[in-house]
Amino acid sequence: MFKEYDIIVSKRNFENIPSGSEGVILIVHETFKDFLIEFFDNKGKTIDVITVNEKDIELKQSYKR
């Protein structure tokens, strides 16, 4: 299960966000299947902030509290 601040990778293209882009989960929606994610380019600049479904992302690094 994904949680806030996990680092993820996009498994597909979204508008302005190519497949393989990294992002961080900002909000876990009530369904636990949709997430508000801030995606970054390879220089760390924000590309966009969008809501995506769990099937469209994979975990890169789990956030340790």
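The values are calculated or read from the model by the stated rules, or taken from the named source; none is laboratory data. None of the values given here were measured: they were computed from a predicted structure. Note that each Cβ is placed from the backbone with ideal geometry, even for glycine, and that neighbours are counted across all protein chains shown. Protein only, heavy atoms only, side chains kept; ligands, DNA and RNA dropped before computing areas. Shrake-Rupley method; radii C 1.70, N 1.55, O 1.52, S 1.80 Å.
Remarks
- Estimated translational diffusion coefficient (Stokes-Einstein, Kirkwood radius over Cα pairs, 25 °C, 0.890 mPa s) of the chain: 214 µm² per second.
- Across the chain, the relative contact order, built from alpha-carbon pairs under 8 Å that are at least six residues apart, equals 37 percent.
- Within straight-line cross-link reach of K45, aspartates and glutamates at Cα separation under 16 Å, skipping those fewer than 8 residues along the same chain: E22
- Cβ charges +1 (Lys, Arg) and -1 (Asp, Glu), total dipole of the chain, debye: 260
- For the chain, the residue among L59, H29, F40 whose Cα projects farthest onto the positive side of the dipole built from Cβ charges is L59.
- Portion, in percent, of the accessible area of the chain that falls on carbon or sulfur, probe 1.4 Å: 49
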